[in-house]
Amino acid sequence: MLLNRLRRNESSGIFAIQVGVVTVNIACDENIAKQILAEKESSLNYEPIAWKIAQRISGVPHQSREKHNLSWEKYKSIYQYLINKPHVEKITKRISLLLEQNIPQMVSFLETSIDLQPWERCANASLISPNQSEMSLMPLIHMMMGYASVSAIFGSEILERYPDLIETLDEMDKGIQYFLWGLPAWLPWPGVMKSHIARYKLWKYMDDYEIALDNILSCKPNECSWGDLEDVSDFIKARHKFLKENGFNIKERADIGVRFTKPFELNVLTRLDSLGFNIQHKYVGLVKSIRDEINLYALVTPGITIGKFSEAPRLSLNPKMLSKSCPQLRAALFETLRLHSKAWSVRAVSEDIEISNNQKELGFAPFHLNKGEYVVIPNSVHMNDPTYYRDPLSFKPERFLTYNDDGSISANVDAIRPFGGGSSACKGQEIAENECLLLVAGVVTYWEIEPANEVSGWVVPNKVGSSYISRPAHDVRVKIKRRKFPWE
């Protein structure tokens with residue numbers, strides 16, 4: 001809200017504030033933001049920001065700075081495993097297979113907690129009838145996606161060994177700002193201690209994981225619970241091999257942001273909460289339209305029947321066609337990203353430069369960025385600017401639909417930066433988008449969801465700021481039952 005007011009009051013589109021001895025330039029004008037993101041890295045550099053994040057949030061030792069500097073350019077090449085098409089398709093296919101397995105088991109309709117799926121326990125599920133359960137929507141979606149995406153990236157064994165890993169990561173994320181501010185664990189501030197405890201647990205989990213990968217690479221035996229780690233993604237294997245070969249010890253690999261592919265992992269998890277809610281909330285027509293649109297690419301078929309026993313209906317998802325041929329589903333995702341993303345693009349100014357807002361005729365002089373300063377682009381300001389988006393606080397996915405001359409419809413996301421921009425943009429954003437489309441397509445195809453309180457109906461939660469996204473201020477209880485299919 002403050003930045004939006006400053007944006008309206010500062011006609012030049014960029015202004016500077018003093019934070020201690022550091023000058024921070026905030027660029028709210030879209031034209032200026034594009035110029036900044038297009039600048040060469042020798043002028044506006046992301047590497048110092050990446051180091052501060054690795055040190056303050058992930059706890060990488062200060063003495064590792066030189067080692068990180070020397071390996072930075074080579075290290076960035078590992079991101080090809082999140083960008084190049086064959087690798088993207090491989091990870092997406094793995095996620096799709098996991099969701100095809102898990103979505104039919106999303107609700108077990110059992111009463112005792114020990115018999116429930118982990119996402120049901122996290123969502124505080126309670127049985128209403130043999131065919132219907134009540135639970136919390138946000139934790140349910142959060143954990144469903146977490147189990148698929150973490151397993152696809154890190155392998156299935158890590159969640160079997162540490163089933164609370166996703167919740168621990170989420171708890172740490174709530175305190176990201178405390179780490180950036182350098183607040184110690186003993187500070188009597190709500191949430192500080194919790195976040196530090198969560199980070200300590202993650203260090204332990206991931207140190208254990210790194211040791212297991214080291215043992216595999218060195219042909220040494222692991223504990224039985226680790227299995228053979230054969231389903232670990234190529235991205236993690238390449239990253240681990242690089243760090244080991246370049247002499248990074250276990251503590252120096254503590255870049256939790258990279259290990260959890262954090263630039264998109266947490267974004268996906270919480271944006272899915274919002275996307276699923278937006279599609280359900282007062283948008284019965286949208287749910288029907290999306291179901292009609294995806295019915296060839298999210299298929300439910302009868303399970304195997306042996307005597308009196310029948311397997312649950314099977315789900316089949318087509319990642320390529322859901323992304324390519326379902327503009328209404330994609331538009332709903334883009335609108336959710338626009339409303340809830342809090343991505344910031346940050347650069348360190350490495351040399352003096354001038355930035356122009358292309359409005360010299362209005363008397364605006366170029367803005368000077370001086371070496372040693374920082375420049376920040378709060379992307380959410382643009383994405384919620386009424387200059388660019390009519391009624392910007394409303395959920396209107398149709399704003400992203402384009403009606404082409406040949407009669408086809410497509411969804412265009414070029415106007416927003418929900419995953420950041422330039423060199424600091426999320427490297428896994430295509431995978432992230434695919435994850436969202438797959439889960440939502442599978443859930444709306446297989447399940448009926450309605451508000452638990454029929455009197456109040458859907459209640460839109462207020463938004464609470466977090467590291468990369470807005471979180472719902474309170475949860476939403478829902479009733480879930482399986483849809484009736486034509487053969488039943």
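Points to keep in mind about this one:
- Three-way shape label, segment 66-193, alpha-carbon gyration tensor, a/c 1.5: oblate
- Taking Lys and Arg as +1 and Asp and Glu as -1, the other residues whose beta-carbon sits under 10 Å from that of Arg483 total +2.
- Highest-first arrangement of 23-32, 224-233, 128-137, where packing means the average Cβ count within 10 Å: 23-32, 128-137, 224-233
- Computed from backbone phi with θ = phi - 60° and the Karplus coefficients 6.51, -1.76 and 1.60, the 3J(HN,Hα) list for segment 116-126 is 7, 6, x, 6, 5, 4, 5, 8, 6, 5, 9 Hz; x is used for glycine and proline.
- Rounded to the nearest Hz, the phi-derived 3J(HN,Hα) couplings of segment 438-446 under the Karplus curve 6.51 cos²θ - 1.76 cosθ + 1.60 (θ = phi - 60°) are 5, 5, 5, 4, x, 5, 6, 6, 9, where x marks glycine and proline.
- Short-range pairs are left out: with C-alpha atoms under 8 Å and at least six residues apart, the relative contact order of the chain is 23 percent.
- From least to most packed, judged by other beta carbons within 10 angstrom and beginning with the fewest, Thr301, Thr92 follow the order Thr301, Thr92.
- Span from the segment 361-425 Cα centroid across to the segment 86-135 one, whole angstrom: 35 Å
- Structure-based [θ]222 nm, the chain - -39500 (n - 2.57) summed over DSSP H runs of at least 4, per residue, nearest 500: -13500 deg cm²/dmol
- Least to most buried among Phe235, Phe485, Phe309, Phe109 (fewest other Cβ within 10 Å first): Phe309, Phe485, Phe109, Phe235
- Neighbours of Pro118 by Cβ distance under 14 Å: Lys/Arg scored +1, Asp/Glu scored -1, total -4.
- Amide H to amide H distances under 5 Å link Ser356 with Phe367, where only residues 5 or more positions off or on other chains count and H is placed in the peptide plane.
- Taking Ser289, Ser408, Ser151 and counting other C-beta atoms within 10 Å, the order from fewest to most: Ser408, Ser289, Ser151
- Packing around the peptides 420-432, 205-217, taken as the average count of other Cβ atoms within 10 Å per residue, puts them in this order, highest first: 420-432, 205-217.
- Summary of the geometry: segment 138-155 and segment 174-192, compared by the centres of their Cα atoms, lie 26 Å apart.
- Among the listed pairs Lys52/Lys251; Lys67/Lys241; Lys76/Lys244; Lys342/Lys479; Lys67/Lys194; Lys90/Lys427, a Cα-Cα separation exceeding 19 Å is found for Lys342/Lys479; Lys67/Lys194.
- Dipole magnitude for segment 40-121: about 520 debye, using +1 per Lys or Arg Cβ and -1 per Asp or Glu Cβ, origin at the Cα centre.
Values in this text are rule-based calculations from the coordinates and carry no lab data. As the structure is a prediction and not an experimental result, all values here were calculated from the model. Virtual Cβ from ideal backbone geometry, glycine too; neighbours counted across all protein chains shown.
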